[in-house]
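Worksheet for the structure shown next.
Coordinate-derived values only; no laboratory data. Only a predicted model underlies this, so the values are computations on that prediction, with no experimental measurement involved. Glycine also receives a Cβ, built like all others from the backbone with ideal geometry; neighbour counts cover every protein chain displayed.
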Amino acid sequence: MTGTPGRGGGDAGTGAPGTQGPAAYWKPGEHILWRYRDHSPAVRGRVHICRPVTVVQDTEDLLAVWMAPGTECVRPVLADGTAVHDEPLATRYTAPRTTVRSRWFGTGVLKLARPGDPWSVWLFWEPGWRFKSWYVNLETPRTRWAGGVDSEDHFLDISVYPDRTWKWRDEDEFAQAQRAGLMPPAQAAGVRAAGRSAVELISAWGPPFSERWQDWRPDPAWRVPVLPEDWDRTPAHMTS
């Protein structure tokens, strides 16, 4: 199960919705941006995470992308350069932040997202392609634009293991985000409900868990995408 590049290594957004109409899809091998916007009231809506990825599959049912090892990405840090997770939880979401460019080290990540789902599912491997786990990242349903997809992370996540067991992740950060005013009660309740829906899917072992994506491998001809200078540009058109 491998990727099959179409116009492999193409520029972000080639053949994307917003440029060719809502029925257009990205081709396997094309490069797009997978981005997240900040929650902080002072900069809400600003892109603070940007990851260039290669399209594996893009249909009306599923967007699958590959983030290769060594990809140059954008990530948030504190204003003094401290890593976000090194900041005490009590001030983690209120301390001033900026963004930096950095490389994604370790093994790559396969990301799977169905339109409208308030989560995406990520697959992780150990070195040597030994499958490690799935990671359900709770987030707003992605909006598509000519160069990729945008979302907002919802702090709470779920790890799912090959033996089909699972556990909640980052519940402390989810609670702190609410205390810091980044997530009002109604939104937090919606995130919890989305998490319960994801757990129901895991318990039923529905797609994508049942689809053997852990056996997938990237096409060796694919090049690592390049992070563009205008990685934080505002899209002209966006669709769900």
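Which of the aspartates and glutamates could a cross-linker bridge to LYS27, judged by Cα under 16 Å and excluding same-chain residues fewer than eight apart?
Partners found: ASP11, ASP58, GLU60, ASP61, ASP219.
Treat each spin label as a single point 7 Å out from the Cα along the C-beta direction, and report the GLU72 to ARG179 distance in nm.
Each label point lies 7 Å from its Cα, and together they span 3.9 nm.
Kindly put VAL100, VAL121 in sequence by how many other C-beta atoms sit within 10 Å of each C-beta, fewest to most.
On the way: VAL100 11, VAL121 24.
Result, fewest neighbours first: VAL100, VAL121.
Which value, in debye to the nearest 20, gives the size of the charge dipole of the chain about its Cα centre, when Lys and Arg are +1 and Asp and Glu are -1 at the Cβ?
Values: 28 positive and 29 negative charges, 18 e Å.
I would put it at about 80 debye.
Using only Cα atoms, locate the centre of region 178-214 and the centre of region 38-90, then give the distance between them in Å, rounded to an integer.
Cα centroid of region 178-214 versus Cα centroid of region 38-90: 19 Å apart.
List the lysines whose Cα sits under 24 Å from the Cα of LYS132, skipping any in the same chain fewer than 8 residues away.
Counting by Cα, and skipping residues close in sequence, LYS132 has these lysines nearby: LYS111, LYS167.
Residue separation times 0.36 nm, minus the C-alpha to C-alpha distance between ARG196 and TRP168: what's the value?
Working: separation 28, 0.36 × 28 = 10.08 nm, distance 1.04 nm.
Value of the extension gain: 9.0 nm.
List, in order, the whole-Hz ³J(HN,Hα) value for each residue of region 103-117 obtained from phi through the Karplus relation with A = 6.51, B = -1.76, C = 1.60 and θ = phi - 60°; use x for Gly and Pro.
Each residue of region 103-117 in turn: 9, 7, 9, x, 6, x, 10, 9, 10, 10, 9, 9, x, x, 5 Hz.
So which residue, out of ARG35, ARG130, ARG75, gets the largest mean-square fluctuation from a GNM of the chain using Cα contacts under 10 Å as springs?
ARG130
Write out the trypsin sites (Lys or Arg not before Pro) in region 149-240 meeting two conditions: DSSP loop, and at most 16 other Cβ atoms within 10 Å of their Cβ. If you can, show how the numbers build up before the last one.
Details: sites: ARG164, LYS167, ARG169, ARG179, ARG192, ARG196, ARG212, ARG223, ARG233; in loops: ARG164, ARG212, ARG223, ARG233.
Counting only loop positions with at most 16 other Cβ atoms within 10 Å, the trypsin sites (Lys or Arg not before Pro) in region 149-240 are ARG164, ARG212, ARG223, ARG233.
Out of PRO225, PRO207, PRO115, any idea which swings most in a Gaussian network model of the chain, alpha carbons joined below 10 Å?
PRO207
Dividing the convex hull volume of the alpha carbon atoms of the chain by its residue count, what do you get in Å³ per residue? Please report the intermediate quantities before stating the final value.
Details: hull volume 29.9 nm³, N = 240.
Expressed per residue, the convex hull around the Cα atoms of the chain is 125 Å³.
What residues have an amide H closer than 5 Å to that of ARG169, excluding those fewer than 5 places away on the same chain, when H is modeled at 1.01 Å from N in the peptide plane?
Excluding prolines and chain starts, which carry no amide H, the hits are ASP157, ILE158, SER159.
Going by a ≥ b ≥ c, the root eigenvalues of the Cα gyration tensor, does region 158-226 fall in the rounded group (a/c under 1.5), the prolate group (a/b larger than b/c) or the oblate group? Walk me through the numbers on the way to the answer.
On the way: a/c = 2.81, a/b = 1.55, b/c = 1.81.
Since a/c reaches 1.5 but b/c is at least a/b, the shape of region 158-226 is classed as oblate.
Please check the chain for the longest run free of chymotrypsin sites (Phe, Trp or Tyr not before Pro) that are loop-located per DSSP (anything but H, G, I, E, B) and have at most 12 other Cβ atoms within 10 Å.
Working: sites that count: PHE105, TRP129, TRP205.
Answer from the scan: 1-104.
Subtract the Cα-Cα distance of SER203 and TRP129 from 0.36 nm times their separation in residues, and report this length gain in nm to one decimal.
Details: separation 74, 0.36 × 74 = 26.64 nm, distance 2.52 nm.
Working it through step by step, the gained length comes to 24.1 nm.
Calculate log10 I(q)/I(0) of region 52-108 for q = 0.19, 0.27, 0.30 Å⁻¹, where I(q) comes from the Debye formula with a single equal point scatterer on each Cα and nothing for solvent.
One equal scatterer on each Cα of region 52-108 leads to -0.77, -0.99, -1.10.
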